[in-house]
Amino acid sequence: MEIGNLENHVQSEPMEESSQAQISHLALDIGGSLIKLVYFSQNSDGGCSKSSVQVSNGNEGGPVLQGKLHFAKFETAKIHDCIDFIQSKQLRVTGCQHNGASANEKCVIKATGGGAYKFADLFKEKLGICLGKEDEMDSLVAGANFLLKSVHNEAFTYMDGQKEFAQIDQEDLYPYLLVNIGSGVSMIKVDGPGKFERVSGTNVGGGTFWGLGRLLTKCKSFDELLELSHRGNNRVVDMLVGDIYGGTDYKKIGLSSTAIASSFGKAISDNKELEDYKPEDISRSLLRMISNNIGQISYLNALRFGLKRIFFAGFFLRGHAYTMDTIAVAVHFWSKGEAKAMFLRHEGFLGALGAFMSYEKHGFDNLMVHQLVQQSPSASHGGDKTHGPADSELNDNPSINCSIYLS
Amino acid sequence: MAGLTQHPILGTNDTIKEEEKKKQEVDQTKPLSLDKLEGQTEKDMAPVTGSSIHRSGSRPQLDLSKAAIQGTFEERDPTILLPNQSDHLSHLALDIGGSLIKLVYFSRHEDQSIDDKRKKTLKERLGISNGGRRSYPVLGGRLHFVKFETTKINECLDFIYSKQLHRGGMDVRIWNPDAPTNENAVIKATGGGAYKFADLFKERLGVGLDKEDEMNCLVAGANFLLKAIRHEAFTHMEGQKEFVQIDQNELYPYLLVNIGSGVSMIKVDGEGKFQRVSGTNVGGGTYWGLGRLLTKCKSFDELLELSQRGDNRTIDMLVGDIYGGMDYSKIGLSASTIASSFGKTISENKELEDYRPEDISLSLLRMISYNIGQISYLNALRFGLKRIFFGGFFIRGHAYTMDTISFAVQFWSKGEAQAMFLRHEGFLGALGAFMSYEKHGLDDLMVHHLVERFPMGAPYTGGKIHGPPLGDLNEKISWMEKFVRKGTEITAPVPMDPPGTTGLGGFEVPSSKGGTLRSDASALNIGVLHLVPTLEVFPLLVDPKSYEPNTIDLSDHSELEYWFTVLSGHLPDLVDKAVASEGGTEDAKRRGDAFARAFSAHLARLMEEPAAYGKLGLANLLELREECLREFQFVDCYRSIKQRENEASLAVLPDLLMELDSMSEETRMLSLIEGVLAANIFDWGSRACVDLYHKGTIIEIYRMSRDKMHRPWRVDDFDVFQKRMFGSRDKKPRPHKRALLFVDNSGADVVLGMLPLARELLRRGTEVVLVANSLPALNDVTAMELPEIVAEAAKHCDILRRAAEAGGLLVDAMISNLDGSKGNPSSVPLMVVENGCGSPCIDLRQVSSELAAAAKEADLIILEGMGRALHTNFNARFKCDALKLAMVKNQRLAEKLIKGNIYDCVCRYEPAS
């Protein structure tokens, strides 16, 4: 696994396809730490045409755009990079063109996340566009439903380093628990399209990992911190059951000697200071603490509503194997194997995708995904690789071939 | 003077001993103006040191005879010994956790009650079999709570060694320090350290650790506390602490959340029936570990204290930060809700050093507390448990922690579930290990068997992490001086940061006084538990469960403030009296000073946090004062005043009796009640009356008081009472079988008020039991003093004499009369029993077994005086007829209780319900 580029900058060279293809329908999810972008690029051969393939879905009358959905992300602190990116791609112009408005008129871009409110003025000023605020939860759920229903091999389980794609039966999808791990964590019970309830959440999330991690390790980025954790050993920092019981298990209640009794419980030693601990160990301990906690609270909420499936998403995961493993183990442990943690390949883009979907209401009848041709990730493709470290194959957010039906 | 040699003088160095000698000399040379009475009183004072007095335990009782001690016996040289030590230390149990060692030990009194002939007669008459219930195994004693940091385990070992706890823990009745330590000696221990440090204990103390399962211990400890201690569980919301009375029958099931280094969540279904259902690795160790890395704090308490001044808005990402200051009201999140703990510390241009440690500590505390609250609730929900008890050392009575946990439980459960906390939160495991001794005898203890005391040593032994043990009174006084000098902080109000929007879902910084965490102050929270297995619930209460002794609710702050002022104002006078009662020596002055400081410190602490010692009522406050006096070894401040007044009153008694005998029966009853009310003016507990004393002699005041009484009194049920006593013209009611007369003050009050009334009842064929205090409190007459007063009165009155003989009060006379008076018609008996209290008030949930036995055949109760009839029990309902008599000697109380004025009278009669 290669170490990603630590600098998060906008890819300076134009994307191969987007340079030629017509780009449209931009949507944003502006979170506390990251900005996520989803946009549609029309296939160069696509153009506007009458639908001839999906006759059955009742959209015969409308024009169809064939193309790809692309995904990109920026740190919220570097919002100006994001604005530059949008400007350079002229995303905003095309984003509005099918709405029947001329390019010079006032444009509306769908956006969600807290930043849609916070940065509304900035977008107006810099790009002359308005952000059409979409509800965050609505967007998350719409994005997840879309992915789970339409994208093949979207969900997978992760156990002992083994990734396994799960086939989701369309008819048996609902209800499920959607756990979105952003800066904080939202837990949403989803009963059907547009039918959901935020049932819980926790303030110990990705922001906590990154915030505490930064204070403790001086890492310069979230990804660097994650990377560190991979080489760490939490036994130096955490108090294990064995530390308390002199190396023996506490069998009576089923705790093995290597179970963590108290995260950071060993860091109370009198003669050691922060500098005496390896950043790798601290990062590992922190990651385990937070992942485990999220896994536990998620399971307890799933149990409460009798939900068998828990989907984890959000930018905290970043396809990081160890993180997913810890969450999966926590769910497995607390549920005694009854419940399974599942993950989504486009984990970070639920909100942005949902916001994108909301264009439907304003002119698009449907967003139809073809029997997906999953494009294997390569440098030539899409925004996904651009801004995060290109670490593992799990980390890709492949672009999706799709059609947009226009009314 | 035999009595004095047994005086519980704790001074163990030569100075004190010399002073003691001097004092004896002073006593011996004192002019015996009250010769008869004094001689008797001294003799009767002796048993005060014995276990026949129930609440004498707050001061260590060491018998110094035959002990030539150099230095303090608590020092680490074990060869310095007290051969006649009567206060046996026994039964020690440990909970050795990852960060703290908790210790529970029991010190037992040897049952050395003097075979008192009078007592024996009384017991036979009341049908108390003295053998069975007290013989084994709990003889009464004290349960102490101490803690140490695990890293300082050597201090703990020293402590055990210095107190010889590891030897007393065996079934050795009288430990012999020279005897070799039992090879197989074991101490019950739990917690991971019981395994880890087993060898160390063997090596250092020569004892093995008998490992008890941790969960078993936690649950046993929690069950014991919830069952046996009245004000153990409380809720804590928005800075408000409220004690919860747990119904024994509805205790189970509950969720027990123990927050140590890690967190265990246990579903408890009954005694020994439980299951660990969950837990989290984010616990106290996480707070302390992360906190240490982030703040460089040197101790857990320091870190906790820092949080007090923190503002988490600079650290945590709030909903408002994400939404540009707006709420996300659609899903019920306010702008001040924490969206992401530490979510703001990702800023690139700020390093760890740029954040305030205070803010970091608070943010960390909230993150962990909130998380524990949430996971606990989810588990409670899962098993349908309504009550969640939080224990363990993480909480430490810290208001903010408790508020955060409570808030999380309330928020997520939408008010359905309740978070509760335990006062002895940190000692669950250790207590449970203690319970695992087969013969501890605590199984059947009930709430009324335990009395909690807060001696000044308690901050050391009960609350704060331990230093070297306090040896004797001298050390305690020096420590008090230091404590108060350094710790004006225990009286000064603590500045609080202005409340900010630092909340989870609108959760504000608590603005309570409870938020004041200072190690000194919070340390006072746990007292020493006095086990008095002879205490019982007064059997004539209609509903013991809902019985509340206190009439005035001190949770009303203005009320508390008023009594605070009253007690503070009374303090200098009391100190003078106390010092004078001990001969006015330098030692007495120093002790008096220490007493004043200690009591003021308690008062200040209670003003700041009224619930610090459990639910606070006026009775508790008054009792605390008496306990505090005893702690500094003022045995009886009013002794000489009481003697003087008794004598003066007894002198005029014959005239009064003659005057009464000349009246008709019905007129006499009114005069008697009038007399009780008038005589009740003699009360050193009342400021107004103390002022009065300077204006006339006892008999003048008594007459003036009686002359001024005009019916109807402010509360006047006399006619109803009269009717019960005499019936209507044609129908005479049956006289009462037995009357319990709860007496109040010495002097005119008892001699000219209650004794004549008792005499009248005896004349009517009603048995009379005079119920008096076990220990001195102000000028209240004690059960020890009463027989002598009765004996003196009996010299002038045949009715009293015969009744006293029948009741076994006149021991000598009885023996001499046994031969000659067989032919005399025997009288109904007049008896005296102690009530089990050492306070001007009485809590009828905890009375002596003698009183409880005496009450079984009683069909009339007469409560006399402000303390027992107004401050407490004014609203108490009894199964038999009850008469409550008092003169109100406090303007505020008069207004509040009876809408009247000072010197108004209360004659409240309530027929059996």
For region A:113-126 the number of residues that are part of a helix (DSSP H, G or I) and either within 12 Å of chain B (Cβ to nearest Cβ) or open to solvent by less than 10 Å² (accessible area, probe 1.4 Å) (or both) is 8
Please determine whether any residue of region A:320-329 is touching a Gly at 6+ places or on another chain (Cβ under 8 Å), in contact (Cβ under 8 Å) with a residue 24 or more places away in the chain, within 12 Å of chain B (Cβ to nearest Cβ) and open to solvent by 10 Å² or more (accessible area, probe 1.4 Å). yes
Filter region A:129-164 for residues that are among the charged types (D, E, K, R) and either surrounded by fewer than 24 Cβ atoms within 10 Å (Cβ to Cβ) or within 27 Å of A:Lys118 (Cα to Cα) (or both) and give the result. A:Lys133, A:Glu134, A:Asp135, A:Glu136, A:Asp138, A:Lys149, A:Asp160, A:Lys163, A:Glu164
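Quick check on B:Gly208: is it under 30 Å from B:Ile153 (Cβ atoms) and either among the aliphatic types (A, V, I, L, M) or open to solvent by less than 50 Å² (accessible area, probe 1.4 Å) (or both)?
yes
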Which ones in region B:318-336 are more than 8 Å from every other protein chain (Cβ to nearest Cβ), assigned to a loop (DSSP other than H, G, I, E, B) and either at positive phi or at pLDDT 75 or above (or both)? B:Gly325, B:Gly332
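For every residue, the table says whether it meets (1) of a type in the set (S, T, N, Q); (2) open to solvent by 10 Å² or more (accessible area, probe 1.4 Å); (3) on the phi < 0 side of the Ramachandran plot.
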{"position": "B:Arg366", "(1), (2), (3)": "no, no, yes"}
{"position": "B:Tyr370", "(1), (2), (3)": "no, yes, yes"}
{"position": "B:Gln374", "(1), (2), (3)": "yes, no, yes"}
{"position": "B:Phe394", "(1), (2), (3)": "no, no, yes"}
{"position": "B:Gly397", "(1), (2), (3)": "no, yes, no"}
{"position": "B:Phe411", "(1), (2), (3)": "no, yes, yes"}
{"position": "B:Gly415", "(1), (2), (3)": "no, yes, no"}
{"position": "B:Glu425", "(1), (2), (3)": "no, yes, yes"}
Against the condition open to solvent by 40 Å² or more (accessible area, probe 1.4 Å), over 25 Å from the mean Cα position of the chain (by Cα) and charged (D, E, K, R), how does B:Arg230 come out, does it pass? no
Selected residue (criterion: farthest from B:His557 (Cα to Cα)) from residues of region B:571-606 that are basic (Lys, Arg) and open to solvent by less than 20 Å² (accessible area, probe 1.4 Å): B:Arg591
Please work out which residue is modelled with the highest pLDDT, limiting yourself to region B:289-317 and to residues that are within 7 Å of chain A (Cβ to nearest Cβ) and in contact with a strand residue (DSSP E or B) (Cβ under 9 Å, 6 or more places away or on another chain). B:Gly289
If you check B:Gly283, B:Gly310, B:Gly270, which single one turns out to be within 35 Å of the chain's Cα centre (by Cα), in contact (Cβ under 8 Å) with a residue 12 or more places away in the chain and buried (at least 24 other Cβ atoms within 10 Å of the Cβ)? B:Gly283
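So, A:Glu171, is that one free of Cβ contacts under 8 Å to residues at least 60 places away in the same chain, open to solvent by 20 Å² or more (accessible area, probe 1.4 Å) and assigned to a strand (DSSP E or B) or not? Don't jump to the end; show me each part of the working.
Numbers: free of Cβ contacts under 8 Å to residues at least 60 places away in the same chain: yes; open to solvent by 20 Å² or more (accessible area, probe 1.4 Å): yes; assigned to a strand (DSSP E or B): no.
Here the answer is no, as A:Glu171 does not meet what is asked.
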Looking only at residues that are in a loop (DSSP other than H, G, I, E, B) and at the interface with chain A (Cβ under 8 Å from one of its Cβ atoms) in region B:348-364, which one is surrounded by the most Cβ atoms within 10 Å (Cβ to Cβ)? B:Tyr355
Go through region A:214-241 residue by residue and tally those that are touching a Ser or Thr at 6+ places or on another chain (Cβ under 7 Å) and at the interface with chain B (Cβ under 9 Å from one of its Cβ atoms). 6
Test: A:Leu177 is at pLDDT 85 or above, under 30 Å from B:Ser369 (Cβ atoms), buried (at least 23 other Cβ atoms within 10 Å of the Cβ) and more than 9 Å from every other protein chain (Cβ to nearest Cβ): yes
Just to be sure I understand, how many residues within region B:538-559 are in contact with a helix residue (DSSP H, G or I) (Cβ under 9 Å, 6 or more places away or on another chain) and aromatic (Phe, Trp, Tyr)? 1
Filtering region A:257-273 down to residues that are β-branched (Val, Ile, Thr) and within 7 Å of chain B (Cβ to nearest Cβ), which residue is farthest from B:Phe300 (Cα to Cα)? A:Ile260
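Report, by residue number, each residue of region B:407-427 that is of a type in the set (Asp, Glu) and not in a loop (DSSP other than H, G, I, E, B).
B:Glu425
Residue-wise test of (1) touching a Gly at 6+ places or on another chain (Cβ under 9 Å); (2) at pLDDT below 85; (3) part of a helix (DSSP H, G or I).
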{"position": "B:Pro572", "(1), (2), (3)": "no, no, yes"}
{"position": "B:Lys577", "(1), (2), (3)": "no, no, yes"}
{"position": "B:Gly583", "(1), (2), (3)": "no, no, no"}
{"position": "B:Asp587", "(1), (2), (3)": "yes, no, yes"}
{"position": "B:Asp593", "(1), (2), (3)": "no, no, yes"}
{"position": "B:Phe599", "(1), (2), (3)": "no, no, yes"}
{"position": "B:Ala604", "(1), (2), (3)": "no, yes, yes"}
{"position": "B:Pro610", "(1), (2), (3)": "no, yes, no"}
{"position": "B:Leu624", "(1), (2), (3)": "no, no, yes"}
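The values are calculated or read from the model by the stated rules, or taken from the named source; none is laboratory data. Everything quoted here is computed from the prediction, not taken from an experiment. We place every Cβ from the backbone using ideal geometry, glycine too, and count neighbours over all the protein chains shown. For the accessible areas, the whole protein counts, side chains as well, though only heavy atoms, and no ligand, DNA or RNA atoms are used. Shrake-Rupley method; radii C 1.70, N 1.55, O 1.52, S 1.80 Å.
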